[in-house]
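S.K.: Sharing a structure, written as structure tokens. Questions coming.
The values are calculated or read from the model by the stated rules, or taken from the named source; none is laboratory data. No experiment lies behind these values; they were computed from the predicted model shown. Cβ: placed from backbone, ideal geometry, glycine included. Neighbour counts: every protein chain shown. The protein model used for the area step is the full one, side chains on, heavy atoms only, and it has no ligands, DNA or RNA in it. Shrake-Rupley method; radii C 1.70, N 1.55, O 1.52, S 1.80 Å.
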Amino acid sequence: MTWKRETDEIRERKARALELGGTKAVERQHGRERLTVRERIERLVDSGTFREQGPQAGHSEVDDDGRLIAFNPANFVLGSALIDGRRCVVGGEDFTQRGGSPSPAGLRKSIWSEEMALRYRLPLVRLLEGGGGSVTGTGGKAAASRPVGEPVFAPPRFLPIVRLLEVAPVASAALGAVAGFPAARLVASHFAVMTRHSSQVLIGGPALVERALGERKTKDELGGAQVHGSSGVVDNVAEDEDQALGMIRRFLGYLPTNSRQLPPRRAPTAGDSPERRQDSLLDAVPRDRRRLYDMRAVLEAVLDRGSVFELTPGYGRSQITALARLAGVPVGVIANDAHHLGGAMDADGAQKLRRFLGLCETFHLPVLSFVDEPGFMIGSASERSGTIRHGMEAIAATVRSTVPWASVIVRKAYGVAAAAHFGPGGLVLAWPSAETGALPIEGGVAVAYRREIAAAADPEKKRAELEEELGRRRSPFPRAESFAVHDLIDPRDTRPELCAWLELALPLLDDHVAGRGP
């Protein structure tokens, strides 16, 4: 007597689980130009490394002799795999069954994904496409005979989701319609990406919105990429699923496996020496203060070639946040983009900066700050959005930061907002184009010479004359003479100077991981 009947059934159940919702359901998914969850996992992870958890979870039907008639797998696929050689937890909803709305076993597996990542201190990748809960519940008609709700002693469902953010990197992708609880999971991530043409992120879908508010909108109008590419809900927008998965792999490559480890250091690209001087930086900033320049070109010139990975470019656009490498070491980068609000910090930019600094602090990324900050954005819209409150939260994140900082004053560092760009004990370098003070020249003239300008025969001409005169008086040298900066440098020396500082600062990261502070 053997166990062959049971072992044969194990193989059969696992084979049926691979079929997801069945041939027709998979064809419908492909007809929407979307991959199945299993296909997504295969494209994300290193070939042949996915080890599934709970492949037999689901619901079965058996005959009177106990033989399997039908098997419906849980509509959440979960397991561990290698991504670029590193073990991660990977899970996602199966839209071919119930439109991704969780089945009882699917819900349990999705909850275990966070618990599993916490237990083993591994990065978590969520591949999301589902509508969350249903008014009919997760168990259909059978649920009527079951206890209602979670027991009062059950741990909060969101607790492991939140705790994991302090332990290991979390990256999520919206690869179709994502609503309700899956949408909450999406934003409870260090990195969230959505596809441009095939995904939407929604608190509530069109039917719910119309019933509650009388507002008739499509899914795209409510939560498509044109909405959330600039709302801050997602960090990046990908053109298709393959690009979204590539962004997740790239994001994880800058971060450690968990918060008890240092980020992985790589050898710089051949020929990209730490001593490299970039001639283009000498005239990167125009002498004419009214002319704009390309801050992203500055970053590309200083950091390791091809290493700059910008996050959340469509939100808080006056503030640039990016992951990059310097001499092979992963770093967090913040900078100002004068093409938007003159680089001034508004409410969105402040929230973006605060969140990014939290990522750097959690995963031991030194911060490089390229400063061209004219101050907080002013005006009625800025006041209504609470800029000063959000700005102070960004400053609080900066002054509480314990990772090493280096700041380069590229052009302006004015007002209270400038404090968000200089970490405690950080290196401060300045270019000859640097300006600092309480107010930019233009604003300072308007305030300090208000009466003189008003009394002039030609107020605008007087204002221009005063601005030009004060601008001529500006010199880069007094700050260096007063030791108000560590050094005034030739812009072409920025990379060598920062690389030399980073070698000095690297031992501090060991202390940071150990929790011994700066």
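S.K.: Provide the FRET efficiency to the nearest 0.05 for the residue 43-residue 396 pair, computing r from the beta carbons and using R0 = 45 Å.
M.R.: 0.65
S.K.: With the Cα gyration tensor of the stretch 242-321 giving a ≥ b ≥ c as the square roots of its eigenvalues, does the rule (a/c under 1.5 for rounded; else a/b larger than b/c for prolate; else oblate) give rounded, prolate or oblate?
M.R.: oblate
S.K.: So, one more: From the backbone phi of the stretch 450-457, what are the Karplus-calculated ³J(HN,Hα) couplings (6.51 cos²θ - 1.76 cosθ + 1.60, θ = phi - 60°) in whole Hz, Gly and Pro given as x?
M.R.: Using θ = phi - 60°, the values come out as 4, 5, 4, 5, 5, 7, 6, 5 Hz.
S.K.: Here's another thing I want to ask about it. Given the Cα-Cα distance of residue 8 and residue 487 and 0.36 nm per residue of separation, how much length would full extension add, in nm?
M.R.: Between residue 8 and residue 487, full extension yields an extra 165.1 nm.
S.K.: With r as the distance between the Cβ atoms of residue 227 and residue 503 and R0 = 41 Å, compute the FRET efficiency 1/(1 + (r/R0)^6) and round to 0.05.
M.R.: Here the calculated transfer efficiency is 0.40.
S.K.: Which whole-Hz couplings ³J(HN,Hα) result when phi for each residue of the stretch 488-505 is put into the Karplus expression 6.51 cos²θ - 1.76 cosθ + 1.60, θ = phi - 60°, listed in order with x for Gly and Pro?
M.R.: Once θ is set to phi - 60°, the couplings for the stretch 488-505 become 9, 10, 5, x, 5, 8, 4, 4, x, 5, 5, 5, 5, 5, 5, 4, 5, 8 Hz.
S.K.: Return the label of the correct value of Cα extents along the principal axes in Å, as calculated from the structure shown, out of (i) 100, 55, 44; (ii) 79, 63, 50; (iii) 114, 57, 42.
M.R.: Here the calculated entry is (i).
S.K.: If you place +1 on the Cβ of every Lys and Arg and -1 on the Cβ of every Asp and Glu, how big does the dipole about the Cα centre of the stretch 203-274 come out, in debye to the nearest 20?
M.R.: Computed about the Cα centre, the dipole is about 420 debye.
S.K.: Can you give me the % of accessible surface on the chain that is carbon or sulfur? Probe 1.4 Å, all protein chains present, nothing else counted.
M.R.: Summing carbon and sulfur atoms, their accessible area is 53 percent of the total for the chain.
S.K.: Further, regarding this structure: Counting GluC sites (Glu not before Pro) as exposed when in a DSSP loop with at most 12 other beta carbons within 10 Å, what is the longest stretch of the chain free of them?
M.R.: In the chain, the maximal stretch lacking such sites is 276-518.
S.K.: What is the extension gain from residue 51 to residue 294, computed as 0.36 nm multiplied by their sequence separation minus the C-alpha to C-alpha distance, in nm to one decimal?
M.R.: Extra length from residue 51 to residue 294 when fully extended: 82.9 nm.
S.K.: Please check which bits of the stretch 26-48 a label hung off residue 250 would reach, taking the label as a point 7 Å along Cα-to-C-beta and the cut-off as backbone N under 19 Å.
M.R.: Flagged as within label range: 43-46.
S.K.: Kindly work out what percent of the DSSP beta bridges joining two residues of the chain are antiparallel, to the nearest 5.
M.R.: 40
S.K.: Now for a separate question. At residue 187 and residue 30, where each label point lies 7 Å from the Cα along Cα→Cβ, what is the point-to-point distance in nanometres?
M.R.: Taking the two extended label points, one gets 3.6 nm.
S.K.: Which three lengths, in whole Å and largest first, does the stretch 144-232 cover when its Cα atoms are put on their principal axes?
M.R.: 41, 38, 19
S.K.: Charges only on Cβ, +1 for Lys and Arg, -1 for Asp and Glu: so what's the dipole of the stretch 1-132 about the Cα centre, in debye to the nearest 20?
M.R.: 420
S.K.: At 0.36 nm per residue, minus the direct Cα-Cα distance, what do residue 474 and residue 157 gain on full extension? Give it in nm, one decimal, please.
M.R.: 108.3 nm
S.K.: Report Rg (one decimal) and Dmax (nearest whole number) for the stretch 360-404, counting Cα atoms only, units Å.
M.R.: Both quantities, over Cα of the stretch 360-404: 13.2, 38 Å.
S.K.: Each residue of the stretch 316-324 in order: what ³J(HN,Hα) in whole Hz does its phi give by Karplus 6.51 cos²θ - 1.76 cosθ + 1.60, θ = phi - 60°, with x for Gly and Pro?
M.R.: Values per residue, Gly and Pro as x: x, 5, 6, 10, 9, 10, 7, 9, 7 Hz.
S.K.: Using a 1.4 Å probe on the protein heavy atoms only, what accessible surface does residue 157 show? Give it in Å² to the nearest 10.
M.R.: Rounded to the nearest 10, that gives 90 Å².
S.K.: Could I ask something else about it? For residue 166 paired with residue 454, estimate the spin-label separation in nm (one decimal), with each label point 7 Å from Cα along the Cα-to-Cβ line.
M.R.: 5.4
S.K.: Before I look further, what does the chain give for accessible area per residue, probe 1.4 Å, in whole square angstrom?
M.R.: About 48 Å² of surface per residue is accessible.
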